[in-house]
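One structure below.
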Amino acid sequence: EEAVLRYPDDPDNLLANYTIARASHRAAESPAKRAREAKTENERAKNRSAMVDYLERALKTYADVQRAITLAGGSDHDPLMRTLLRNCYMMRGGVLFDLRRFDEAREAYSGLSSLYQNDPFVLEIQIQIASCLRRLNEPVKARLAIVQAQQLLAALPPNADFLATTNFNRQQWELLLNQMAAW
């Protein structure tokens, strides 16, 4: 953080800020675990507060990086900036989900889905949207999000490189989405 403040015009500033956001997001895991394991309400409240502080810091930093990339137009020609922008959108959604702000998380993911309609990554987005909808107690809409993911999967070209942006190949996605559609 000190280096980012000291050298604001450094070309690696965006990547450093993204790393700071990831570190804050990750740092929230420890107080979250301690809150779950706490024996007293005072201990739970203290740890929840620390978790929220880390998550809010991560949320702000992700938004700052996202805004800087968007304003600079850097994601159009630079693969690193495009990846950072995609990850900022996803991580913002993840932080909002962790903060139990499910409607805002769904909106963050929905905004991203239009940018990656022809990329296997859109399947990850649809699953996250479905998770938010389940938490919002909208099971019909959650199932529709999974059905939409199945349709998007069918529309992806046969030579799509799933492992470049997701953890699963085409067959694994089909299996996962079929299982989720049955829930």
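The values are calculated or read from the model by the stated rules, or taken from the named source; none is laboratory data. Model, not experiment: these values are computed from the prediction. Reconstructed Cβ throughout: ideal geometry from the backbone, glycine too, with neighbour counts over all protein chains shown. The area values use the complete protein model at the heavy-atom level, side chains included, leaving out ligands, DNA and RNA. Shrake-Rupley method; radii C 1.70, N 1.55, O 1.52, S 1.80 Å.
The table below gives the values:
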{"read-out": "Low-density loop cleavage sites - trypsin sites (Lys or Arg not before Pro) in the range 1-78, where at most 13 other Cβ are within 10 Å (DSSP)", "value": "LYS39"}
{"read-out": "Simple label model, 7 Å out from Cα along Cβ direction - ARG48 to GLU107, nm", "value": "2.4 nm"}
{"read-out": "Estimated inter-spin distance, LEU175 and GLU1, nm [label 7 Å along Cα→Cβ]", "value": "4.4 nm"}
{"read-out": "Probe 1.4 Å, protein heavy atoms only - accessible area per residue of the range 107-183 in square angstrom", "value": "56 Å²"}
{"read-out": "Convex hull of Cα atoms in the chain, direction-averaged projection (nm²)", "value": "12.2 nm²"}
{"read-out": "The chain, helix-only ellipticity at 222 nm - DSSP H runs n ≥ 4, -39,500 (n - 2.57), divided by all residues, nearest 500", "value": "-24500 deg cm²/dmol"}
{"read-out": "Gain upon complete extension [ARG26, THR40; 0.36 nm per residue less C-alpha separation]", "value": "2.6 nm"}
{"read-out": "Gain in span if fully extended, ARG82 to ALA63, counting 0.36 nm per residue against the direct Cα distance", "value": "5.4 nm"}
